[in-house]
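The block underneath contains the structure these notes are about, expressed in structure tokens.
The values are calculated or read from the model by the stated rules, or taken from the named source; none is laboratory data. Owing to the predicted nature of the structure, the values given are computational and were not obtained by experimental measurement. When we count neighbours, we look across all protein chains shown, and the Cβ atoms used for this are built from the backbone with ideal geometry, even at glycine. Note: accessible area is taken over every heavy atom of the protein model, side chains too, but ligands, DNA and RNA are not part of it. Shrake-Rupley method; radii C 1.70, N 1.55, O 1.52, S 1.80 Å.
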Amino acid sequence: MSQASDGIDLEASVGYLLKEAATALRLAMEQVLRPLDLTVTRYSCLELLSQRPGLSNSDLARGAFVTRQSMNVLLRAMEADGEVVRPDQASIGKVLPARLTPAGAATLAAASAAVRGVEQRMLSGLDDVDEARRMLRAMIGALSDSEPDPA
């Protein structure tokens with residue numbers, strides 16, 4: 001038996017294809033966000049705060065798929081740039097809920113339009129976008145809700 005037959009066929013592996021698609025999406029997003037002086041993570045933070053005002057540093061980090069430390073550095077930069085505001089002191093515990101400023105909302109509007117174009121391009125070859133969403137959610141659910149198979 002050759003080593004290739006023991007491994008995963010990358011051309012047929014759904015997991016590999018998902019990773020390749022995620023990488024292509026990130027690169028395309030970086031390309032349209034760069035002229036706006038934004039990273040994908042910064043855009044994600046703006047989008048999350050627009051849809052869920054008052055998220056904590058930890059919540060934002062989870063939503064943007066970065067560490068809490070990285071998100072804290074990003075939030076400080078966004079505060080300095082006038083895109084978000086946080087209270088000086090936490091009302092409970094250590095949580096400093098963040099909110100978009102009007103400047104942050106304006107930055108987000110331009111970024112969302114650019115990212116929407118990328119997503120439309122990505123989905124242009126699909127006949128049934130709703131079915132693609134359903135399948136992706138099913139994959140996420142299958143991996144999130146169950147213990148790994150020891151076999």
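Whenever you get a sec, compute what percent of the accessible area on region 25-151 sits on carbon and sulfur atoms (1.4 Å probe).
55 percent
What relative contact order, as a whole-number percentage, does the chain give when Cα pairs under 8 Å and 6 or more residues apart are counted? Working shown, then result.
Working: 114 pairs, mean separation 32.5, N = 151.
Relative contact order of the chain: 22 percent.
So for region 61-136, considering every pair of alpha-carbon atoms, how many percent are separated by more than 17 Å? Don't skip to the answer; put the middle values down first.
Working: 1814 of 2850 pairs.
So the portion of pairs separated by more than 17 Å is 64 percent.
Ordering 43, 16 from largest to smallest accessible area (1.4 angstrom probe), what's the sequence? Please list the in-between numbers first.
Values: 43 25, 16 105 Å².
I get 16, 43, largest accessible area first.
Given N residues in the chain, what is Rg(Cα) / (2.2 N^0.38 Å)? Could you put the intermediate results ahead of the total?
Numbers: Rg = 19.0 Å, N = 151, 2.2 N^0.38 = 14.8 Å.
Output field value: 1.28.
Among 70, 58, 13, whose mean-square fluctuation peaks in a Gaussian network model of the chain (Cα, cutoff 10 Å)?
With Cα springs under 10 Å in the chain, the top fluctuation among 70, 58, 13 is at 13.
If each residue of separation counts as 0.36 nm, what is the full-extension length gain between residue 113 and residue 69 once their alpha-carbon separation is subtracted?
On the way: separation 44, 0.36 × 44 = 15.84 nm, distance 2.88 nm.
Extending this stretch completely gives an extra 13.0 nm.
Modelled label-to-label distance, residue 124 and residue 136, 7 Å Cα→beta-carbon offset: nm?
Rounded to a tenth, the inter-label distance reads 1.8 nm.
Would you mind checking the tilt of helix 40-51 against the longest principal axis of the Cα atoms of the chain, expressed as 0 to 90 degrees and rounded to 10?
70 degrees
Does anyone have the angle between helix 68-80 and the longest principal axis of the chain? Alpha-carbon axes, 0 to 90°, nearest 10?
Helix 68-80 and the main axis of the chain meet at about 40 degrees.
With springs connecting C-alpha atoms under 10 Å apart, model the chain as a Gaussian network and identify which of 42, 134, 86 has the largest mean-square fluctuation.
Maximum among the listed residues: 134.
For the chain, take the longest principal axis of its alpha carbons; what is the angle in degrees between that and the long axis of helix 102-123, to the nearest 10 within 0 to 90?
Taking the Cα atoms of the chain, the angle to 102-123 is about 10 degrees.
Please identify every one of the GluC sites (Glu not before Pro) in region 1-51 that sits in a loop by DSSP and has no more than 10 other beta carbons within 10 Å of its own beta carbon.
Sites meeting the loop and neighbour criteria: 11.
Tell me, in nm to one decimal, what length is gained between residue 58 and residue 99 on full extension, where the rule is 0.36 nm per residue of separation less the Cα-Cα distance?
Details: separation 41, 0.36 × 41 = 14.76 nm, distance 1.42 nm.
Value of the extension gain: 13.3 nm.
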